[in-house]
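Right, one structure below, let's go through it.
Each value in this text was obtained by applying a stated rule to the coordinates, not by laboratory testing. What you are looking at is a predicted structure, and each value in this text was computed from that prediction instead of being measured. Note: ideal-geometry Cβ built from the backbone for every residue, glycine included; neighbour counts use all protein chains shown.
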Amino acid sequence: MVNLQEKTDAVRKENELIRLFKSGSEEAFTRLIVLYQQQVFKVAYGFFRDRDDAMEIVQETFLRVYQKIDRFDKNSSFKNWVYRIAYNLCIDFYRKFKNKKSCDREIYELDEARNLSVLEPEDHIDRRDFKESLDVSLQSLSKRQKMIFVLKHNSGLKYREIADILDVSVGTVKSLHHRATQALKKKLAHYEVTA
C-alpha cells in the first residue's frame, strides 16, 4: 500500500514534469506518457475490446494532452484530466464508428471482475467461455455504465475519481455502477456458484 509520503512525492514529481513540459521539455512529456499510457490503454481497451482502437485512443489522448496542456488547471488532478480526455475520445469514437465497425470478440483480462463473487466461475468451468460471456455482456451495457465499470474494475479508480472524470455526482456513479453490476450478474447468472 502506498503511504502518504510516497503519494506526496509522486504528485511533486508529476507537477515538476508538467512544469517542465509546459516550458517546452519533450523529455518531460515522454515521461508523462510513460506514467499514464498503460492506464489509458486499459480504459480504451475495456471500452472497445480492440487493440487497434485502443491504441488510436491512446495516441489521440496524448496528442490532445500535448496540444492542450496550457488548459490544464494545476490545482486539479492531472490523472483525472487525462482520463477525462480519454473518456471523451472513447465516446466520440463510439458515436462515429458504432454503425461502421463491430468490436472484436477478442478475449481480454478483467481480473477485477473476479472480485464479484457471483461472477466467479468454478474451476471446472472453462475460463475462456466465461471471459467471452463477460465480453458480450459488457457490450450490452449503456456507454456510461460500461465506462464506469471499466474505470472501476480495469483501472481501479475510486467513485470520486470517476465522478470527477465524467463530471457527474458520486451518487450517479454509484447508481450506474450498481446497475451495471446487477445487469452483469443477471446475464452471467448461469456461472453462479451454488452451494
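Applying both filters, DSSP loop and at most 14 other Cβ atoms within 10 Å, to the GluC sites (Glu not before Pro) of region 130-195 gives E192. Please report the base-10 log of the normalised intensity I(q)/I(0) for region 1-102, using a Debye sum with one equal scatterer per alpha carbon and no solvent, at each q in 0.13, 0.21, 0.24 (1/Å). Log10 I(q)/I(0), no solvent term: -0.50, -1.08, -1.27.
Past the 27 Å Cα-Cα mark, which pairs from K7/K143; K13/K152; K13/K146? Mind dumping the intermediate values first?
Values: K7/K143 32 Å; K13/K152 25 Å; K13/K146 32 Å.
Check vs 27 Å cut-off fails for K7/K143; K13/K146.
Legend: ranking of residues D92, D73, D164, D135 from fewest to most surrounding C-beta atoms inside 10 Å; resulting order D73, D92, D135, D164.
Trypsin sites (Lys or Arg not before Pro) within region 145-195: which are DSSP loop residues with at most 15 other Cβ atoms inside 10 Å?
Numbers: sites: K146, K152, K158, R160, K174, R179, K185, K186, K187; in loops: K158.
Counting only loop positions with at most 15 other Cβ atoms within 10 Å, the trypsin sites (Lys or Arg not before Pro) in region 145-195 are K158.
Can you list, bin by bin at 5 Å, the percent of alpha carbon pairs in region 144-195, starting at 0? Taking every Cα pair in region 144-195, the percentages come to 4, 22, 28, 19, 11, 8, 5, 2, 0. FRET efficiency for the E26 to D73 pair, using the beta carbon distance and R₀ = 22 Å, is estimated at 0.45.
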